[in-house]
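See below for the structure under consideration.
The values are calculated or read from the model by the stated rules, or taken from the named source; none is laboratory data. As the structure is a prediction and not an experimental result, all values here were calculated from the model. Every residue, glycine among them, receives a Cβ derived from its backbone with ideal geometry; neighbour counts consider all protein chains shown. Accessible surface areas use protein heavy atoms only, side chains included; no ligands, DNA or RNA. Shrake-Rupley method; radii C 1.70, N 1.55, O 1.52, S 1.80 Å.
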Amino acid sequence: MLASAAKSVRLAAATALRPPPRIELSEWSARHRVLPTEVTANAGRWSNDLFPFIVEIMDCLSPWHPAETVTFCKSAQVAGTESGLNWMFAIADMWPAPTLMVHPTIQAAQAWVREKLAPSLRATPAVRTRVVEQRSRDGASTTLFKSFPGGFWVITGSNSAADISSKSIRNVIKEEWDRWALDVDGQGDPDKLVDARQTSYHASGKAKSYRASTPTIVGVSRIWPAYLAGDRRRYRVPCPDCGEAQVLNFFPDANGRGGLIFERQAPFQARYACAHCGVLIEHHRKREMLAGGRWVAENPGPARQPSFHISALYSPVTTWDKMAEAFLESKDDPTKYKAFVNLWLGEAWEERGDAPEWQRLYARRGDYAQGSVPHGGLVLTGAADVQKDGIFYEVVAWGAGRVSWSIDVGFLPGDTADPDSAVWRALAALRERAYPDAYGNARRIDAFAVDSGYNSAAVYAWVRGRPDTFAVKGQDGWFHPPIGTPGKIDINYRGDKKRRGLAVWPVGTYGLKSELYANLRKAGREEGAGDFHPPGYCHFSEFHDERFFQQLTSEHVAEREHKGRIVKEWRATGPNHYHDCRVYNMAMADHLGLSRMTDGQWVELAKARSVPPEKIQADLFAPMGATPPAAEPARAEPEVDESTPTPRPPSRPWVPKYRGWGKRC
């Protein structure tokens, strides 16, 4: 009996000490991971064949792989989040350890748990039976804390100092790393706080970190420099015709080889031009190419820092036609094009730091009268920048494609501290002014913004009770929306508490400034471009003096060190009042939804605002529909002989030339 008992004890001890089976993460995923119908159209058992390029990335996360950090710089729709979730599930099932997943914010973490983790956990039996169910009383598991035998998951946001600095952690997942906060509760960079949690595991070589994100802006991006510092692996796929391996690129290389070929209008018929033999590869052959692909390091080095980059050209859950459509919809809008570069190409965007030349803008002025709305202008916005001794203002007319005309600018002198003073009465008269348009109508300002950064109480008192008039406050930072959710101010000018608070609207100035400068750099008919005015083009007239243009272009992007990191920010070099007025006008245009209006909606608006039917097409769309001389005209491709490989045409369809918007990296 004693011998039998001792044998049982030894067997139990040996079982407990036995190392986990040496199964790669990709193999575990194929065996056990189940994708729920709530999350994806590819519901069911995980298949490595669907995302073959993810296999090597996942296997770098296996405990025995020498990698300490795995960096995945990516576009959307390439399973970056799913691969991190596979790792979390395998940790709970095979390699139990304290694990931390950090999202940009607590709110994002909660949404991810609700929309992604919970249904995936229910669908995957191998993990569902190991993770303790949420029980509020004993604290074994909560919404953002999940325990399992031998370890736990903590899921939090980069804006929560308590969660990212309170536990010793072996494994870390940095989700959407580029959108993390720069500072958390005054304690410094959350990235450094997270890395410090792994200190006790570094000596044993067991700490591992997975960093995945779409890149954002150079000087702000975390993932882009991390990718460049690693071994820079690119996924090379074979041409189905000639067999030569190549990296898929959206644009052709410097010699005109490679790149996506497509029509300007639907159906886009997107095909990929082989960089070696020139054959046009049909989209349906993408899966065949992916299956034969392999990662190749462009900067070979120690295996402890593998880094990977991939674009949506490789994604099996979207199409090349969709990518072409996204490009065509964004190519004329600098803000949308920046998003295309980030989300579809998976590349960082570098903002141009220099301001447009004010002398060029001054030289190209038109000749429409001050205080009048030219042909094509349908919506009016106004903005005021309040200073101690007066108020600067600008009124802007907007047309289809957000083409704009600055129709009224000026300075109203007076003491702005008293909301009952003459300067505020003058601003009220401006706010109520009716501007004659080119069609015999009188137009009032649809939305008016007043900067509340100076003499705020007087601004609040003047704005209160005026319809479609907004107190605004600029927000520094690259990731704020053009106009956000307002906060409430419930104290009036005299310090009395008001029952109904005044809304103060935050304006994301950084993105609007970039968009403004990109639009100012666009050439139009005043500079010899025929009848062409691109979307976003800015019109000015002879009543705009040199001082106006100097102020309009008075800011630039500069670098500075912030708690050990080099960051980029907008900085003024002189008076910038008209610059601020235009930025707030753009925020009002966004608030009115002008950037989201379709051609049909512009037509209906023109009819509602008494534009003669015969003028609508000519005034709203003809100038923007003309072909700019700078773009190569599209050429019809030759008919295809299905019995032979498709030859590459002698000349490729046009690729827009971006002058001064910024650049891809």
To the nearest 10 degrees, the tilt of helix 2-17 (Cα long axis) against the first principal axis of the alpha carbons of the chain is 30
accessible surface per residue for region 332-423, probe 1.4 Å, DNA/RNA/ligands not counted, whole Å² -> 33
Taking every DSSP bridge whose two residues both lie in the chain, the antiparallel percent to the nearest 5 is 55
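What order, most packed first, do the peptides 297-306, 274-283 have when packing is the mean number of other Cβ atoms within 10 Å of each residue? Mind showing how you got there, number by number?
Numbers: 297-306: 14.1, 274-283: 18.4.
Answer by packing, highest mean first, reads 274-283, 297-306.
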Each label sits 7 Å from Cα toward the beta-carbon; between residue 370 and residue 565 the label points are separated, in nm, by 4.5
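Given charges of +1 on the Cβ of Lys and Arg and -1 on the Cβ of Asp and Glu, with all other atoms neutral, how large is the dipole of region 400-458 about its Cα centre, in debye to the nearest 20?
On the way: 6 positive and 8 negative charges, 56 e Å.
For region 400-458, the charge dipole is close to 260 debye.
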Whole-percent carbon and sulfur contribution to the accessible surface of the chain (1.4 Å, no ligands, DNA or RNA) stands at 51
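Using 0.36 nm times the number of residues separating residue 264 and residue 420, minus their current alpha carbon distance, what extension gain do you get?
Extra length from residue 264 to residue 420 when fully extended: 50.5 nm.
I'd like to know how region 43-199 sits against the 2.2 N^0.38 Å rule of thumb: what's its Cα Rg over that expected value?
On the way: Rg = 15.2 Å, N = 157, 2.2 N^0.38 = 15.0 Å.
Ratio of Rg to 2.2 N^0.38 Å for region 43-199: 1.01.
Among the DSSP beta bridges whose two residues both lie in region 113-214, what percent are antiparallel, rounded to the nearest 5? Numbers along the way, then the final one.
On the way: 4 of 9 bridges.
Of all bridge pairs located within region 113-214, approximately 45 percent are antiparallel.
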Of the residues 484, 199, 416, the Cα lying farthest along the dipole of the chain towards its positive end, which is defined by charges on the beta carbon of Lys, Arg, Asp and Glu, belongs to 199
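Taking R0 as 22 Å, what FRET efficiency do you get between residue 556 and residue 387 from their Cβ-Cβ distance, rounded to the nearest 0.05? It would help to have the intermediate numbers written out before the result.
Numbers: r = 22 Å, r/R0 = 0.98.
In this case the efficiency is close to 0.55.
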With +1 on the Cβ of every Lys and Arg and -1 on the Cβ of every Asp and Glu, the dipole magnitude of the chain about its Cα centre, in debye rounded to the nearest 20, is 2460
Expected unfolding gain across residue 297-residue 610 under the 0.36 nm per residue rule, minus the alpha-carbon gap, is 106.5 nm
Beyond 19 Å, the calculated P(r) of region 99-188 holds a percent of Cα-Cα pairs equal to 41
Between residue 392 and residues 5 or more places away or on another chain, the pairs with built amide H atoms under 5 Å apart involve 385, 387, 412
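Relative contact order for region 384-442 using alpha-carbon pairs under 8 Å, separation at least 6, rounded to a whole percent? It would help to have the intermediate numbers written out before the result.
Working: 71 pairs, mean separation 15.3, N = 59.
After rounding, I find 26 percent.
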Scalar couplings 3J(HN,Hα) for region 414-421 by Karplus 6.51 cos²θ - 1.76 cosθ + 1.60 (θ = phi - 60°), nearest whole Hz, x for Gly and Pro, are x, 6, 8, 6, 9, x, 9, 7
Cα pairs beyond 20 Å in region 152-269, in percent, come to 60
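For the chain, what is the calculated [θ] at 222 nm in deg cm²/dmol (nearest 500), taking -39500 (n - 2.57) for each run of four or more DSSP H residues and dividing by its residue count? Walk me through the intermediate numbers first.
Details: 23 runs with 186 residues, N = 665.
Roughly -7500 deg cm²/dmol at 222 nm, from the helical runs in the chain.
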Percent of all alpha-carbon pairs of region 292-434 at distances over 26 Å, whole number, is 57
Any GluC sites (Glu not before Pro) in region 176-265 that lie in a DSSP loop and have at most 14 other Cβ atoms within 10 Å would be 244
Correct semi-axes for region 429-469, from √(5λ) of the alpha-carbon gyration tensor and rounded to whole Å with the largest first, are 27, 9, 7
Relative to the chain, whose Cα atoms define the longest principal axis, helix 577-591 and its Cα axis are tilted in degrees, nearest 10, by 70
Karplus ³J(HN,Hα) for region 214-222 (6.51 cos²θ - 1.76 cosθ + 1.60, θ = phi - 60°; Hz, whole; x = Gly/Pro) runs 7, x, 10, 10, 4, x, 10, 4, 8
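Over region 31-162, what is the relative contact order in whole percent, taking alpha-carbon pairs under 8 Å and six or more residues apart? Provide the component values of the computation, followed by the final result.
Details: 174 pairs, mean separation 35.4, N = 132.
It comes to 27 percent, rounded to a whole number.
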Per DSSP, the loop-located trypsin sites (Lys or Arg not before Pro) within region 140-202 having at most 14 other beta carbons within 10 Å are 167
On each of the three principal axes the extent of the alpha-carbon atoms of the chain, given in whole Å and largest first, is 105, 77, 42
Ranking 225, 73, 305 by how far each Cα lies towards the positive end of the charge dipole of the chain (+1 on Lys and Arg Cβ, -1 on Asp and Glu Cβ), the top one is 305
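Shape call for region 265-350 from the C-alpha gyration tensor, a ≥ b ≥ c root eigenvalues: rounded (a/c under 1.5), prolate (a/b greater than b/c) or oblate? The partial results should precede the final answer.
Details: a/c = 2.31, a/b = 1.22, b/c = 1.89.
Here region 265-350 falls in the oblate category.
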Quick note, region 364-512: a/c under 1.5 would make it rounded; otherwise a/b > b/c is prolate and the rest oblate (a ≥ b ≥ c, C-alpha gyration tensor); here it is prolate
Counting only residues 5 or more apart in sequence or on a different chain, those whose built amide H sits under 5 Å from that of residue 505 are 471, 472, 473
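Once you have the Cα-Cα distance between residue 183 and residue 319, take 0.36 nm times their residue separation minus that, and quote the gain in nm to one decimal.
Values: separation 136, 0.36 × 136 = 48.96 nm, distance 3.81 nm.
Gain on stretching residue 183 to residue 319: 45.1 nm.
How much of the DSSP bridge set in region 140-279 is antiparallel, in percent, rounded to the nearest 5?
On the way: 9 of 14 bridges.
In region 140-279, DSSP labels about 65 percent of beta bridges as antiparallel.
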For region 324-332, Karplus-derived ³J(HN,Hα) couplings (6.51, -1.76, 1.60; θ = phi - 60°; whole Hz; x for glycine and proline) come out as 4, 4, 4, 5, 5, 6, 10, 4, 9
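Taking a probe of 1.4 Å, how large is the accessible area per residue of region 143-196, in Å²? Spell out each step's value before the answer.
On the way: 1810 Å² over 54 residues.
On a per-residue basis, region 143-196 sits at 34 Å².
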When the charge dipole of the chain is computed with +1 on Lys and Arg Cβ and -1 on Asp and Glu Cβ about the Cα centre, the Cα farthest towards its positive end, among 395, 603, 327, belongs to 327
Label model pair residue 359, residue 572: point-to-point distance (7 angstrom along the Cα→beta-carbon line) in nm is 2.5
